[in-house]
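The values are calculated or read from the model by the stated rules, or taken from the named source; none is laboratory data. This is a predicted model, so every value here is computed, not measured. Virtual Cβ from ideal backbone geometry, glycine too; neighbours counted across all protein chains shown. Remember, those area values only see protein heavy atoms, side chains included, never the ligands or the DNA or RNA. Shrake-Rupley method; radii C 1.70, N 1.55, O 1.52, S 1.80 Å.
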Amino acid sequence: RPVCLTEVELNALRKEYGVFAIRPGLTGLAQVSGRDNVSARDKAQIDAEYLSKCGIKMDLRCLLKTITVVFSGEGVM
């Protein structure tokens, strides 16, 4: 998922890890893995993990986890 341009550190780390090689979607592994409770470096590493495991299984995992996170409010500050 794209971030605001003001999140320079996160964008730089995502570029470093090659995350911009994939198109953004509606949700992502970093968004369902702690959201606001995760550092920029950790978010970029989680996005890189998604990139390395990209596929239908990972996408379904993210989608199902998104539903859980949205209803629970988990990881929101």
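What shape does the chain take by its C-alpha gyration tensor, where a ≥ b ≥ c are the square roots of the eigenvalues and a/c under 1.5 counts as rounded, a/b above b/c as prolate, and the rest as oblate?
Cα axes put the chain in the oblate bin.
Write down the accessible area per residue of the chain in Å², having rolled a 1.4 Å probe over the full set of protein chains.
69
Enumerate the lysines that Lys65 could reach by cross-link, defined here as Cα to Cα under 24 Å, with residues fewer than 8 away along the same chain left out.
Leaving aside lysines fewer than 8 places away in the same chain, those within reach of Lys65 are Lys43, Lys53, Lys57.
How about Lys15: which aspartates and glutamates have a C-alpha closer than 17 Å to its C-alpha, ignoring those fewer than 8 places off in the same chain?
Glu7, Asp42, Asp47, Glu49
What net charge is computed for the residues neighbouring Phe71, neighbours being all others with C-beta under 15 Å from the C-beta of Phe71, Lys and Arg scored +1, Asp and Glu -1?
+1
What is the percent carbon and sulfur in the accessible area of the chain, measuring with a 1.4 Å probe over the protein chains and ignoring ligands?
61
Take each complete run of DSSP H in the chain, measure how far its Cα atoms stretch along the helix's own axis, and keep only those covering 15 Å or more with mean Kyte-Doolittle hydropathy at least 0.0; list them.
Sorted by number, the helices that extend far enough and score high enough are 56-72.
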